[in-house]
1. For the stretch A:333-357, which positions are within 44 Å of the chain's Cα centre (by Cα) and open to solvent by 80 Å² or more (accessible area, probe 1.4 Å)?
2. For A:L12, all conditions in the list (1) open to solvent by 70 Å² or more (accessible area, probe 1.4 Å); (2) within 22 Å of A:G849 (Cβ to Cβ); (3) among the aliphatic types (A, V, I, L, M) hold save one; what is the number of the exception?
3. Condition first: without any contact (Cβ under 8 Å) to a residue 12 or more places away in the chain and open to solvent by 10 Å² or more (accessible area, probe 1.4 Å). Can you find one or more residues in the stretch A:138-154 that meet it?
4. All but one of (1) of a type in the set (K, R); (2) closer than 30 Å to A:G345 by Cα; (3) assigned to a strand (DSSP E or B) hold for A:R188; which doesn't?
5. Considering only residues that are open to solvent by 50 Å² or more (accessible area, probe 1.4 Å) and part of a helix (DSSP H, G or I), which ones fall in the stretch A:610-669?
6. Quick one: would you say A:V330 is farther than 21 Å from A:G283 by Cα and within 16 Å of RNA strand B (Cβ to nearest atom)?
7. Restricting attention to strands (runs of 3 or more DSSP E) lying wholly within the stretch A:211-317, give those where 1 or more residues are away from RNA strand B (no atom under 16 Å from the Cβ) and over 39 Å from the mean Cα position of the chain (by Cα).
8. Scan the stretch A:252-261 and give yes if some residue there is under 14 Å from A:D238 (Cα atoms), open to solvent by 30 Å² or more (accessible area, probe 1.4 Å) and basic (K, R), otherwise no.
Amino acid sequence: MENPKNIPEKFLKPYDSSETEARVYKLWEESGFFNPDNLPVASDNPNSAKSFTIVMPPPNVTGVLHMGHALGLTLQDIIIRYKRMRGFRTLWIPGTDHAAIATQSKVEKEIKKNEDKSRHDLGREEMLRRIDAFAKDSHDTIVSQIKVMGASCDWSREAFTLDVTRSRAVNTMFKKMYDDGLIYRGNRIVNWDPKGQTTIADDEIVYEERKAKLYTFKYSKDFPISISTTRPETKVGDVAVAVHPDDARYKEFVGKTYEIADFCGVPLSIKIVADESVEKGFGTGALGVTPAHSEIDWEIADRHDLPRLQVISELAKMTVGDERLKGKKVSEAREIIVEWLRAEGLLEKEEEVSQNVATAERTGGIIEPLPKLQWFINVNAKFKLQNSKLKGLETGMEVSLKEIMKNAVSSRQVAILPEHFDKTYFHWIENLRDWCISRQIWYGHRVPVWYCLHCKKQYVNLETGAKIYLTRHGETDSNKEGRIAGSIDLPLNQTGTEQAMVAAQKLKNENIDYIICSNLIRAKETAEIIQKEIGGEIIIDPELREREYGVVEGMYGKDIKPLKTYQYEGKPENGESYKEVEERIHNAFVSHRKKFEGKNILVVSHGGALRTLMKRLLDLDPMEMLARTAIKNADVIQIEISKPCENCKNDIFEQDPDTLDTWFSSGTWTFSTLGWPIDKKMGMNEKFVERIKSGDKTNTTRLEKKDWNIGDILQLENTQTGELFGYARITNIEEIPLTAEKKGTLQEYYGEKDLTEVAPTWKYSFVYSEKSDLETYHPTDVIVPAYEILFHWIARMILMSGYALETIPFHTVYLTGIVRDAKGRKFSKSLGNGIDPIEIAKKFGADAGRMALVVGTAAGTDMKISEDKIKGYRNFSNKIWNITRFVMENVETESLGSSTSKLDEIMDEWKKIAADITDDMENFRFHLASEKIYHYVWHRFADEIIEQSKTDAEIKSALIHIWTDCLKILHPFMPFVTEEIWALLPAEKRNLLMVEKWPTT
RNA sequence: GGGCGGUUAGCUCAGUUGGUAGAGCAAUCCGUUUACACCGGAAAGGUCGCAGGUUCGAGUCCUGCACCGCCCACCA
């Protein structure tokens, strides 16, 4: 077939998305236009170009993206591409979320399944390494998926909630809140998951409906009031009975206290109190108050100053009573108590009721409300606004976090789309209580609080120096048999060798400089095994040896009961007392600390020796020490050194073992991604300042290594004048040797200074700007989350931003709905109904998937998606392809034909539609905009205008003009096919379509 | 229990400030006319959940009801 117009051959075949998309994405990436610093507007107009920002809701690194993510990404990309074409300095920051509990429990489950090990078997360090590896894989998959979707985000600014820059933001935020009295540590009823051994958030609870029995009974025969409960086992922790103040039945008893000598083996002291929260009509109208095991009862105890007796342990076992109860599981205890009540004739009624049982979302464990020491954010405490940019809240006003959250939305400074969600938002805020932010898991931001080992004084963001690790040697046969070893010199057995290797793994990344061990073979072997893995020098110190047991050496521990026989000061014949050991080993410890000041050291010693050392370090009294179980073989204890405690002058500390709720870090997301807090400075000399100011925006400098990281934003300061002249965003860090050639250049900067002293070994590449990213891009413009996380996340970002920056995090919240399958079911693994966005992109093209997700999907509404729908838009891609072919074959001239009524009508109609679509884009009606352009292109332009043009030359002259406009408008929705076509259109020098100007009227 | 939505063509859903209903898919009929069969043309299909009200006029505003869904709380 002849091809007179040199139509690219590609057009003779149907559009092939699989051949196109990856190639086009690469083209975009290489153009640099995803980064607003490289956009033409940025260089034309560096300071006045209006910015437009979106931060991506970071997907959890728990696996892969699903269609819900695909919807969110598509909408964000549509907005971003549209704004970019409108000439904004457009930034879309991508990132991922470490999703603490979700990720840890996922990895834990896998390890359990594959290796039958728990996280405690692996230890904190090894577990974290495993999770990091998993998160890294998951991250890589997610990034490639985001790219497949066509997302035009700035990868140079990619962030992770757990990376160094974001961790710095978290710690800074924690300290600020702590200093302002908004963060406190307190005993509160928390949702304790006995199975996962952690606290969990209210929203990680799933309620399961179950049948339960409601028992009505009296504490004793002569107790005047009957109460009802579904949990009789908690009643041994009762301290009061609460009745409504107006309840005539009970009025006479209020204020009295009854002593119950024996309630299933436990004595109770019950006070009758009057409390408004009690419903007269429910049950007997009297409520047994168990402060330690019910949130509501805890509050009643607050109001009436009642004691709080904990009767259930973290393992969901009873902690009080005689042999009938103590140590029994709660479920067993329940039956025992019911039986007892029945036998005593105290049980009055048993009713079958249905009840919602709280269970942990992740582990399925039944939630046990327990009082625990936790960290909280007080949402009602007031603080003073320093520099408020919050509408209606002036600088100097005293506000609470709750008020900030409420105000942001009620003032319309933050608009939620669809609007009706703000009602739900307010309802939630009104019911908000203090936010528990500590979690007993390992993966996440560790609570940045250190405790003095002696006096327990708290320090936030303590700067710690060297670390000391203490470990006991691995197992010997003597340990195994439970024999006293003392100075009997036995080697490690097989288990001991393995234990030492585990310890070595734990210590691998800790940069230990010296390993100091006793002169006994079991310690030396342990030290050698560890040294093989971690390096460092071994120093043998006979003072670090085990307690000398004299005559009892070699005997079975159980036979001599050393704890009882030889107390702290007592000693076996020819042996040492613990007191003597303590003196000896502490002196040795202190001398090593002094000798290796500033170095990380590992001390390998023995059970008894380390135990007495810990006694001294923790300032325990002798009985406390004796009550502690011995340190296990190869256990590692970590101690951190810092400046002496203000209180007790000791200088060793340990960090809080808990981690922070994942929403604490994601709450900072809009500004931590933009480099907050910017408190680091890079000093520059005059020459460099000039070079930067006049020259390239991208620069490199060679400096001594500081603790800077890629992505950090630094203030640039003129070292001569102290003047602040701009910001540097670190884009790359490279270690480089100092060459002779470089030396010359450097000598210029450093003058007479000896270069060996300043010898820079690190090359920092950075982008210079006069304004920081934070100033330029924050508050962000739009955020596009699923409505499910309105409270979890959106509210918390408003809180964090309102508190730390005294501004809103974003102007508009565009909520997306849930994407369901064709039958309206949520996608889930167990149903096997998952539609993988990547599969869709492969099969039909990402463009088709994007359109299918967007057309007709209004904000905040759930949607159903099916392959049929996607197939329709695959066909549309091809339609666009073929329209282009027709238009190219029929372009006779670039100029529009002379004005005729017919032509004007068509052009006017198009302009009207384009304006209408633009209006939809401006007002977040993407579901309408996409439908309109689809409809126009296919059913008006192709079906009618092109058909008419076949016989009408006037109309033909309009085709290319309308069509290039159409491609531009289509581009945000279907970026790949339109970009590909754009490159194939006959024209001399063209921009990428992604930076073409949006057709405006 | 409290709150928020939804109910429009067989299916999935639009319908922006009230002006006598729209799209896709499916189904029906016709058509291989050189951009495209991942196509074109034609026709069909709805008293907009129910009952009241406001209005010249209501899918759209108000009241009540029914059913479905979601979120929050968790009643001892």
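1. A:E335, A:E352, A:N356
2. (2)
3. The answer is yes, given that some residue of the stretch A:138-154 is without any contact (Cβ under 8 Å) to a residue 12 or more places away in the chain and open to solvent by 10 Å² or more (accessible area, probe 1.4 Å).
4. Condition (2) is where A:R188 drops out.
5. Hits for the stretch A:610-669 are A:R616, A:M623, A:E624, A:A627.
6. yes
7. By residue number, A:257-263, A:266-274.
8. Checking the stretch A:252-261: not a single residue is under 14 Å from A:D238 (Cα atoms), open to solvent by 30 Å² or more (accessible area, probe 1.4 Å) and basic (K, R).
The values are calculated or read from the model by the stated rules, or taken from the named source; none is laboratory data. Since the model is a prediction, treat every value here as computed from it, not as a measurement. Please note: Cβ atoms are built from the backbone with ideal geometry, for glycine as well, and neighbour counts cover all protein chains shown. Surface accessibility is based on the protein's heavy atoms, side chains included, excluding ligands, DNA and RNA. Shrake-Rupley method; radii C 1.70, N 1.55, O 1.52, S 1.80 Å.
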